[in-house]
Amino acid sequence: MRSEGKTGVVVLGSTGSIGRQALDVIEQHGDRFRLLGIAAYNETDLLEEQVARFQPRVVNVTDHTAYKALKARLPGGTELTQGMPAMCELSALSGADIVLVAVSGAVGIEPTLAAIAAGKRIALANKETLVAAGDLVMQQAAQRGVMILPVDSEHSAIFQCLAGERDHLHKIWLTASGGPFRGYSPQQLRDVTVAMTLKHPTWMMGPKITVDSANLMNKGLEVIEAHHLFNVDYDAIEVVVHRESIVHSLVEFTDGSFLAHLGPHDMRIPIQYALTYPERMQSRAGRLDLAGLGSLHFEKPDLVSFPALDLAYRAGKAGGTMPAVMNAANEVAVSAFLGEKIGFKDIVEVAAAVMEKHRKVQAADLETILAADQWARQQSEMIIQQLTAKRV
Ligand code: NDP
Ligand code: MG
């Protein structure tokens, strides 16, 4: 269904890095898109600005204090709701055609499933949803005939390289920038600070994914994401470090041919493609200057300094609730690192320790996945407390 002849869009996580860029794309193509609903955690000032700019029908916040603060400030035509059940209702909003899931973390699972159940097309930035609940999400999308368009730049690249040639795929090659600590030894990584970690060489992103990118956990999450999106075995997914972030990923076919997707590193391109697919439209992103670039580099990832990548392969191959557990433990550990409670290298150690304790459930339903996620969060908190107690 179309609203005023335009494609109706709901953006979950509208105040984040992806969300803000998505709103710029929607504004640029205002003749084609209408923003019907937005959701965030608690960024009230920015939400108020976004409401003034787009007049969405519904705004959802998770935080109760933010809800009370916004209540008095929003204009009459905009409905304000609070909490997860209401975010799921927003995902199913009548008149909305596409739901862009750009919240950070496993909190994206339920609204994604709600949007699928309502038959909305999904533009998926939130990789944690596929990591934790990929089997379930892909199964329900297939049953409901819903398309999931990847926003993550690597997966958008692979999606485009695979158009029409799925049968002859040999391998997927995910590129990784290597992050700010490419070339660091395990000893050097012991002392890196939060400020050093938040300086990503090529991408400007939210804090959680920036930390994930620095220890290669992000690439590990993306391996699991690719496994679900493209229904490819883990043995056919490879990671290669490419520091320029110009080749966004590649596919290798049975005859030895590779197809690569290149472009400027600007997330507005994959965001827009997920919204306009199968069409392409003008973008405000810059253009590539190939001769100016001169050369592109590729190298093997350093699995000794960055064990998170291997850990993610292990979680993915184990399947069932294991990836949900790794993801939840990682979310808690990243947040503890950002709060300067634990060190950089502790992040992956916390995730590994929680996985070690976990008794995996194989074909897991939503309730089981959410229970595993909660269990992993509690276990991680306990391990972090022990770690910090040791240091005092
Ligand atoms: P940000 O941290 O910049 O933004 C996160 C957004 O989610 C904010 O709008 C935030 O609201 C909202 N949010 C967080 N927690 C909750 C919650 N519990 N309930 C409701 N809303 C919540 O993250 P990014 O935009 O960088 O990343 C978003 C997702 O996209 C992640 O899954 C990431 O892995 C993925 N991604 C991001 C890329 C990037 O370039 N940034 C690239 C590829 C994938 P508030 O502002 O109020 O806190
Ligand atoms: Mg990515």
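The values are calculated or read from the model by the stated rules, or taken from the named source; none is laboratory data. As the structure is a prediction and not an experimental result, all values here were calculated from the model. So basically every Cβ, Gly included, is an ideal-geometry build from the backbone, and we count neighbours across all protein chains shown. The accessibility values were calculated without ligands, DNA or RNA, using every heavy atom of the protein model including side chains. Shrake-Rupley method; radii C 1.70, N 1.55, O 1.52, S 1.80 Å.
Couple of notes before you dig in:
- Difference of contour (0.36 nm per residue) and Cα-Cα distance, ARG391 to ARG280: 34.6 nm
- Whole-number percent relative contact order across the chain, with pairs defined as alpha carbons under 8 Å at least 6 apart: 14
- The range 258-287 and the range 1-43: distance between their alpha carbon centers, rounded to Å: 17
- Per residue, the convex hull spanned by the Cα atoms of the range 271-377 measures out at 206 cubic angstrom.
- The range 217-294 - accessible surface per residue (Å², probe 1.4 Å): 45
- The stretch between PHE298 and VAL194 holds 34.7 nm of extra length on full extension. This uses 0.36 nm per residue minus the Cα-Cα distance.
- Global size of the range 179-277: 15.3, 46 Å for Rg and Dmax (C-alpha atoms, Rg to one decimal, Dmax whole).
- When the solvent-accessible area of the range 61-205 is split by element, carbon and sulfur atoms take up 51 percent of it, the probe being 1.4 Å.
- Cα principal axis extents for the range 115-157, largest first, Å: 26, 19, 13
- The separation of the range 183-211 from the range 341-392, counted between C-alpha centres, amounts to 21 Å.
- Heavy-atom SASA rank of SER257, SER104, SER380 (probe 1.4 Å, accessible area, largest first): SER104, SER257, SER380
- In order through the range 305-311: 3J(HN,Hα) via Karplus (6.51 cos²θ - 1.76 cosθ + 1.60), integer Hz, x for Gly, Pro: 6, 10, x, 4, 5, 4, 4
- Take 230-236, 305-311 and order them by the average number of nearby Cβ atoms within 10 Å per residue, most first; the result is 305-311, 230-236.
- Considering only the chain, percent of DSSP beta bridges that pair antiparallel, nearest 5: 30
- FRET efficiency, MET204 to GLU340 (Cβ-Cβ, R0 22 Å, nearest 0.05): 0.50
- Rounded to the nearest 20, the size of the Cβ-charge dipole of the chain about its Cα centre is 520 debye, with Lys and Arg at +1 and Asp and Glu at -1.
- Full-extension gain in nm, GLN374 to ARG314, via 0.36 nm per residue minus C-alpha separation: 19.5 nm
- Per residue, the convex hull spanned by the alpha carbons of the range 1-160 comes to 106 Å³.
- Estimated at the nearest 10 Å², the accessible area of HIS358 is 30 Å² with a 1.4 Å probe.
- Applying the criteria of a DSSP loop state and at most 13 other Cβ atoms within 10 Å to the GluC sites (Glu not before Pro) of the range 1-68 yields GLU4.
- Sequence of THR65, THR388 from largest to smallest accessible area, 1.4 Å probe: THR65, THR388
- Positive-end extreme of charge dipole, the chain - chosen from SER213, GLY134, SER177 (charges on Cβ): SER213
- Net charge contributed by nearby residues that have their C-beta within less than 15 Å of LEU221 (K/R +1, D/E -1): -4
- Greater than 19 Å apart at Cα, pairs in LYS219/LYS345; LYS127/LYS360; LYS71/LYS208; LYS317/LYS360; LYS341/LYS390: LYS127/LYS360; LYS71/LYS208
- When the trypsin sites (Lys or Arg not before Pro) in the range 249-315 are filtered for DSSP coil states and for at most 16 other beta-carbon atoms within 10 Å of their beta-carbon, the remaining sites are ARG280, ARG284, ARG287.
- For the chain: span of alpha carbons on each principal axis (Å, largest first): 57, 54, 42
- Surrounding net charge for GLU238, when Lys and Arg each add one and Asp and Glu each subtract one, Cβ distance under 14 Å: -4
- Shape descriptor for the range 231-314: Rg over Rh equals 1.01 (Cα atoms; Rh from the Kirkwood inverse mean 1/r).
- Take every Cα pair under 8 Å whose residues are at least 6 apart in sequence, average their separation, divide by the length of the range 137-240, and the relative contact order is 32 percent.
- Low-density loop cleavage sites - GluC sites (Glu not before Pro) in the range 143-222, where at most 15 other Cβ are within 10 Å (DSSP): GLU165
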